[in-house]
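The values are calculated or read from the model by the stated rules, or taken from the named source; none is laboratory data. All values derive from a computational prediction rather than experimental measurement. Every residue, glycine among them, receives a Cβ derived from its backbone with ideal geometry; neighbour counts consider all protein chains shown. These area figures cover heavy atoms from the full protein model, side chains too; ligands, DNA and RNA do not enter into them. Shrake-Rupley method; radii C 1.70, N 1.55, O 1.52, S 1.80 Å.
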Amino acid sequence: MQEFANLNLETNVWAKIMGKPQNAISPSRQEDFPEWYQQVVRAADLAENSEVRGCMVIKPWGYGLWEQIQSQLDSMFKATGHKNAYFPLLIPLSYLEKEAEHAEGFATECAVVTHHRLEAQKDEEGNTKLVPTGELSEPFIIRPTSETIIGAAFARWIESYRDLPLLINQWANVMRWEMRPRLFLRTAEFLWQEGHTVHETSDEAWEETEKILDVYEKFAREHLAIPVITGEKTENERFPGADRTLCIEAMVQDRKAIQAGTSHFLGQNFSKASDISFAGRDGTKQFGWTTSWGVSTRLIGTLIMAHGDDDGVRIPPMVAPTQIIILPIIPKEENRQAVINAAESLAESLGSSNYGGLPIRVEVDKRDMQGGAKNWEWIKKGAPIRVEIGPRDIEKGNVAVTRRDRSPKEKEFIPNEEFIQGVAKLLEDIQFSLLERATRLKEEHMTRIDSMKEFIEFFTPSNTEKPEIHGGFALCHWAGSNEEEERIAKEHKVTIRCIPHGEQYAEEGTCILTGQPSSRRVVFSKAY
């Protein structure tokens, strides 16, 4: 919270100089974090609510961010042998019924298609209404996830152990009828990828489950600059129908957790339900061992909450749609063409350099609007580097450079060639700065707790000297039942996020609730 205070003070001073409101985003993170988040999404022009309740319109800047996430993750999947395919949006109800636990887990979130035709009919006032007719013999479910429909395809594709492993991914949209939507974090329709694989043995399927978790952890850390915790979900929190679920959990700036990705070991549950079988090496019929795994546009919400400040979002350079925005400064009309030419020439030189294995993404903002308003727009949108160039800069052979991970007033004048030569290193410094900041937040607010008294105090604002400073990741010994886990969740709004990986969490102790022996700490947290 001290970081919040410092940032607010710094922003307020600069705002007065620039004639701006105290914060570009109101309320601030400290005043009302959930509302701050909603305002950042709007101010950064990432998305908006649509006419369809619970659904969102992802605007070009937000979709550009998703495209970077998608393309970079896609390359990582393909590097591990996975190939993309596409499967139907509509799933017959009978397919879901084949796997009872899975169907039950999603039943309350399903959108159901029951008719296949609309007919125009007149009402009593003579107005024309479109009325659904042609009732389907079997309803379709708009996919909440695709295990069952993909399983049906896999059953057709696989005949022998020679067809394995089958490693498939699809990029798609899904629908889960969300009653309390929040842009990117929880919407009825969202975008994601879902991987589905079939293996000859249990060991191979488990190796796949762990491999994908490693991919997700690496992507979160190296691309999104988010230091996640990896671990395994408890039985209560597992994916419906899975034998085991692994996850990555991120801490955001209000110290709550976000489940940012999951990888599921499905055992043979879905293969038996869908008859995904094959002739084994001994000629006998065997059932495949399957996995599924996915991340979604929730990653964008996680990124905003992890890195945003009271001026907007801060996007890590690795995934920024535009890594460098060039802002021509044109004091007089007669200067316009010379400044535009210089800006475009600079953009061409910067674009020929690489960062993160890809050409640097540069844009020149040539819109006819006031420079201050244009500059603040890009601050709110979170472009990693802003470059101003005007007639004086052209004369001196330099540019004015501002980093989004620092205060807007920290402007540095750098000779053109020096900037071009060092721009990749500058982007890397910003990427590391955001990761370091997020890592420090996580480490400072992970606390070992050994009693229910401490637990309650940790998660109860009224029990602290500063009510706004509470919570985080509580590392507790646990040996309670499923029912006791549910009771803690209900009474304290706190859940076990994961049983974390790592030897530092493996130690003998006593469960904070039951007093029973425990060999490992788990991570409790409030969560989105």
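Taken as a whole, segment 122-135 holds at least one residue that is of a type in the set (Asp, Glu), under 30 Å from Pro240 (Cβ atoms) and open to solvent by 40 Å² or more (accessible area, probe 1.4 Å). Against the conditions (1) crowded, with 20+ Cβ neighbours inside 10 Å; (2) out of contact with any Ser or Thr (no Cβ under 6 Å at 6 or more places or on another chain), Asp405 satisfies every one except (2).
Of all residues in segment 189-222, those satisfying the criterion of being outside any helix (DSSP H, G or I), open to solvent by 10 Å² or more (accessible area, probe 1.4 Å) and among the charged types (D, E, K, R) are Glu189, Glu200. With respect to Ile248, is the statement that it is without any contact (Cβ under 8 Å) to a residue 40 or more places away in the chain, open to solvent by less than 10 Å² (accessible area, probe 1.4 Å) and under 19 Å from Trp66 (Cβ atoms) true? Yes: the conditions hold for Ile248. Among the candidates Cys476, Cys498, the residue that is in contact with a Cys (Cβ under 9 Å, 6 or more places away or on another chain), farther than 14 Å from Ser451 by Cβ, assigned to a strand (DSSP E or B) and open to solvent by less than 20 Å² (accessible area, probe 1.4 Å) is uniquely Cys498.
Every test in (1) at pLDDT 95 or above; (2) under 29 Å from Phe239 (Cα atoms); (3) crowded, with 18+ Cβ neighbours inside 10 Å; (4) of a type outside the set (Ser, Thr, Tyr) is passed by Leu434 save one, and that test is (2). Taking every residue in segment 394-416 that is at pLDDT 95 or above and of a type outside the set (A, V, I, L, M, F, W, C) and pairing it with any residue that is open to solvent by 50 Å² or more (accessible area, probe 1.4 Å) and part of a strand (DSSP E or B), at least 6 positions away or on another chain, the pairs with Cβ-Cβ distances below 9 Å are Lys396/Phe413; Lys396/Pro415; Gly397/Pro415; Asn398/Phe413; Asn398/Pro415; Thr402/Lys411; Thr402/Glu412; Arg403/Glu412.
Number of residues in segment 142-175 that are assigned to a loop (DSSP other than H, G, I, E, B) and either under 13 Å from Met56 (Cα atoms) or aliphatic (A, V, I, L, M) (or both): the value is 2. Listed by position, the helices (runs of 4 or more DSSP H) enclosed by segment 35-114 that each have at least 2 residues that are free of Cβ contacts under 8 Å to residues at least 40 places away in the same chain and exposed (fewer than 14 other Cβ atoms within 10 Å of the Cβ) are 60-79. When Glu457, Glu428, Glu465 are checked against the criterion of being open to solvent by 40 Å² or more (accessible area, probe 1.4 Å), modelled with pLDDT under 95 and in a helix (DSSP H, G or I), a single residue qualifies: Glu457.
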